[in-house]
Amino acid sequence: FLSLIIISIHLSISLFSLAIALSRILINVPLSKYNLFAKIPNKDLIGCVNLLKGSYSLLTAEEVEDLQNLRANEKFVSQGFIVNYDEIEAMKLFSKKECGFSDTLNLTICPTLNCNFNCPYCFEEHRKGKMSEKVQDDVIIFIKKMTEAFRAKRIFVTWFGGEPLLAPDVIENLSKRIIDFTDGRNIQYNATIITNGYLLTQEIADMLSKYRVNSYQITLDGIEEMHDRTRYLTNKQPTFSKIIENITKNKIHGQISIRYNITSDNIEEEDIIRKYVANLAKISNNNITCYSALVLDNESTKKRKEQVNFLELNRFCEHEINNKIKKFSPYKASYCGAQILSFVVIDELGNLYKCWED
């Protein structure tokens, strides 16, 4: 929406007049309430975007006339420009389905909050120790009760930390018990893991695959020198070369999403890291992709002696807008697990939360 506001500021008076004219035509007709129109500069085309469906088209003058006169065609209907239902009621129903009693149980489980890294922008205060057998028993009891309450047909687990691979035995034990439970009741189960990748040996990768971990999130903050400035071990030793070795020389079963954390220090290298990751996929034959994320300031960074240089607000907004434009997608009802009843985070002590950062 911010991007659309910025675009609208730059519209000429003639385009504003066009929008007024179109809005008058659209009153009391079954056109989507979420259509936006703008003339394409230097072309005899009008862009139409539907914010609910997440679709867009370049329309000729004849097509715009057809749309205005409700001469429906397959494109207008499939892209949501013309609707035969109440969009507000549809969103209410969709929100209830996504955020209410879902048949999918989403759990984030932290085997430990300890970490072998000491990243200066991390929002966590790490503590030593791992999940005890007693807490593991309680987790299984909790999963069974949640499954019954939601009549769950699917269970999805995210292994999180700290660094979850500091406690692979906990992942293995809980995974085995969850799978025994779900397979016995014809419940679908799969998992993902968020790891720094430093401990991702072939043996660990094979174990994770056995227990249905089919996707990985691993962070790189740039090519070697840049990465090692912010993602280093607790003893200050570098980590880049070890991570690259793990994801290229080992066979990783599943998709690896490389998260590129952006600060003002490394934003200029975004294209470089994307090309670098694409090359990693080629040489390793692993399924490796890349996406960027902006680093946010938080309470923990204020307590640390080392600080990263965060993006200024205008640059932050510009980058976020450009990212959202590339991933323009249909309406979604939830943006955080806290909005979803069936989403729960469990830490290594057995405490329950509704948000990762909380």
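Taking residue 226, is it more than 17 Å from residue 257 (Cα to Cα), aliphatic (A, V, I, L, M), touching a residue at least 40 places away in the same chain (Cβ under 8 Å) and touching a strand residue (DSSP E or B) at 6+ places or on another chain (Cβ under 8 Å)? Judged against the criteria, residue 226 is not a match. Set side by side, the residues 230, 239 differ, and just one is closer than 18 Å to residue 273 by Cβ, in contact with a Leu (Cβ under 9 Å, 6 or more places away or on another chain) and buried (at least 16 other Cβ atoms within 10 Å of the Cβ), which is 239. Identify the residue in the range 40-82 that is within 15 Å of residue 331 (Cα to Cα) and in a loop (DSSP other than H, G, I, E, B) and, among all such residues, is most open to solvent (accessible area, probe 1.4 Å). Among residues in the range 40-82 that are within 15 Å of residue 331 (Cα to Cα) and in a loop (DSSP other than H, G, I, E, B), the one most open to solvent (accessible area, probe 1.4 Å) is 53. Among the conditions (1) surrounded by fewer than 16 Cβ atoms within 10 Å (Cβ to Cβ); (2) of a type in the set (D, E, K, R); (3) in contact (Cβ under 8 Å) with a residue 24 or more places away in the chain, the only one that residue 148 does not satisfy is (3). If I ask for residues that are surrounded by 13 or more Cβ atoms within 10 Å (Cβ to Cβ) and over 16 Å from residue 231 (Cβ atoms), which ones from the range 298-309 would you list? Listed by number, the list holds a single entry, 298.
When the range 280-294 is examined, which residues are found to be farther than 30 Å from residue 316 by Cβ and not hydrophobic (A, V, I, L, M, F, W, C)?
In the first step, residues of the range 280-294 are kept if they are farther than 30 Å from residue 316 by Cβ; the result is 282-287.
If the condition is that a residue be farther than 30 Å from residue 316 by Cβ and not hydrophobic (A, V, I, L, M, F, W, C), then 282, 284, 285, 286, 287 are the ones that fit.
Tell me which residues, restricted to the range 242-260, are under 30 Å from residue 317 (Cβ atoms) and crowded, with 20+ Cβ neighbours inside 10 Å. If the condition is that a residue be under 30 Å from residue 317 (Cβ atoms) and crowded, with 20+ Cβ neighbours inside 10 Å, then 256, 258, 260 are the ones that fit. Please return the ranges of helices (runs of 4 or more DSSP H) entirely within the range 248-342 where 2 or more residues are touching a Cys at 6+ places or on another chain (Cβ under 9 Å) and of a type in the set (Ser, Thr, Tyr). Answer list for the range 248-342: 299-303. Looking across 178, 171, one residue alone is in contact with a Pro (Cβ under 6 Å, 6 or more places away or on another chain), part of a helix (DSSP H, G or I), open to solvent by less than 20 Å² (accessible area, probe 1.4 Å) and over 23 Å from residue 264 (Cα atoms). It is 171. Among the residues of the range 182-210, those identified as in contact with a Phe, Trp or Tyr (Cβ under 9 Å, 6 or more places away or on another chain) and either open to solvent by 20 Å² or more (accessible area, probe 1.4 Å) or within 17 Å of residue 290 (Cα to Cα) (or both) are 183, 188, 190, 192, 193, 194, 195, 196, 197, 198.
The values are calculated or read from the model by the stated rules, or taken from the named source; none is laboratory data. Bear in mind the structure is a predicted one, so any value in this text is a computation, not a measurement. Cβ coordinates were reconstructed from backbone atoms using ideal geometry, including for glycine residues, and neighbour counts include every protein chain displayed. With ligands, DNA and RNA removed, areas are computed over all heavy atoms of the protein, side chains included. Shrake-Rupley method; radii C 1.70, N 1.55, O 1.52, S 1.80 Å.
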